[in-house]
1. Would you pull out the residues with amide H under 5 Å of Leu186's amide H, same chain only if 5 or more places away, H placed 1.01 Å from N?
2. With Rg and the Kirkwood Rh both taken from Cα atoms, where does Rg over Rh land for the chain?
3. Probe of 1.4 angstrom, ligands and nucleic acids ignored: what's the accessible area per residue over the chain, in square angstrom?
4. Given H placed 1.01 Å from N in the peptide plane, which residues other than close sequence neighbours of Asp82 have an amide H under 5 Å from its amide H?
5. Rounded to the nearest percent, how much of the accessible area of the range 71-214 (1.4 Å probe, protein heavy atoms only) is carbon and sulfur?
6. For the range 159-289, what is the largest minus smallest coordinate of the Cα atoms on each principal axis, given in angstrom and ordered from greatest to least?
7. At 222 nm, what value in deg cm²/dmol follows for the chain if DSSP H runs of at least 4 each add -39500 (n - 2.57) and the sum is divided by all its residues, to the nearest 500?
8. Rounded to the nearest Å, what's the spacing between the alpha carbon centres of the range 14-58 and the range 163-181? Just the number, please.
Amino acid sequence: MSLEAGRRGIERAVNSVRSGGVLELGFFGGEPLLEADLVAELIDYAQQLAETAGISLRPGLTTNGTLRTAAAWAVMMRSNLDLSVSCDGLPDTHDRHRRALNGCGSSERVLDTIGRLREAGRDFRVMMVVRPDSVTQLALGIECLRARGVRQIDLALDVWAAWESSDVVQLEEALIQAATLWRNGLPDGSINWFDEKAARLASLPVNSSARCGFGDGEIAVAASGNLYPCERLIGEDKSDSPMRLTGHVLDGDDFFQWPASERSDPACFACDIASHCNTTCRCNNYIRTGNVEQPDALLCLLERVTCRETARVLCKSSLFCNEVFSIEESLS
Ligand code: SF4
Ligand code: SF4
């Protein structure tokens, strides 16, 4: 990304936030720390504009944890940066999909980075992708990360993969185990899927990462300056991508013009647990069904099982029991 495109995107984002509001500025890739100096410069620029505009800045970055340059380390150690490191749990599981150009797995480097961050007292989250070929190792992967001192884990379903019915059965079994691990790890340990369901069950506000901005509150700027409603849809950033928003980051003063859409699957209107469901993630819907408003059976199952299992493990702790019973009745 050019410095000009980065600065312009930040200017437009700052112009799109009301005074007193918050700008979440996320860097992602590829690998953003390949351009660590540029990232640092853009965060400083955003901080300066945010202070002038009277808004708060919450910068974030997701890294694959493989870079060891001084500049990359300096960015990771910025105290106000919300840092995520991608690591898929067990080394063998991680190395299946995350390899260097020479074909070698990257788990050793990533786990070393995680260890160094821990030693430095740096708070961070680990992003763990759940795939059909790794779903049976989900619980072991969570335990592996926890044994290395990781407290906050964000699970992400591989929605691009083909999930066979046997994989879906294994996903449900893995979620049952993971929910128990989540419960046993409270209050220090966090796993996003169950945190979010617990918040919804308790009628607490869900954190911002569980709310979908998708073109209405969230805009992704590709390295080319092309605009998308969510970073996960940038992909190869092809000019004919159906998910590209019109225009370019250099043309315009703010990001106000794109309307939000709502979930439209008729099954969801009648669903008893709709208020606990997070299939408002429109890019997941789009990837699975080609329609940003319509989840498929896999996403629906993920929601229903995480909801049911969160309720189950919390009920054992006598928390939220009234709500839990009504949820379980809805699911039975
Ligand atoms: S589509 Fe999904 S990933 Fe994208 S902004 Fe919405 S919730 Fe986030
Ligand atoms: S649980 Fe399934 S049916 Fe219910 S709102 Fe979510 S996606 Fe729709």
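1. Counting only residues 5 or more places away or on other chains, the set is empty.
2. Details: Rg = 20.1 Å, Rh = 21.1 Å.
Ratio of gyration radius to Kirkwood radius for the chain: 0.95.
3. On the way: 16060 Å² over 332 residues.
Per-residue accessible area for the chain comes out at 48 Å².
4. Amide H neighbours of Asp82: Gly60, Leu61.
5. On the way: 3260 of 6650 Å².
C and S atoms contribute 49 percent here.
6. Computed over the range 159-289, the largest-to-smallest principal extents equal 50, 35, 33 Å.
7. Working: 12 runs with 141 residues, N = 332.
The helix-only estimate for the chain comes to -13000 deg cm²/dmol at 222 nm.
8. Going from one Cα centre to the other spans 37 Å.
The values are calculated or read from the model by the stated rules, or taken from the named source; none is laboratory data. Values in this document were obtained by computation on a predicted structure and should not be read as measured data. Positions of Cβ are backbone-derived with ideal geometry, glycine not excepted, and every protein chain shown enters the neighbour counts. Note: areas computed on protein heavy atoms with side chains; ligands, DNA, RNA excluded. Shrake-Rupley method; radii C 1.70, N 1.55, O 1.52, S 1.80 Å.
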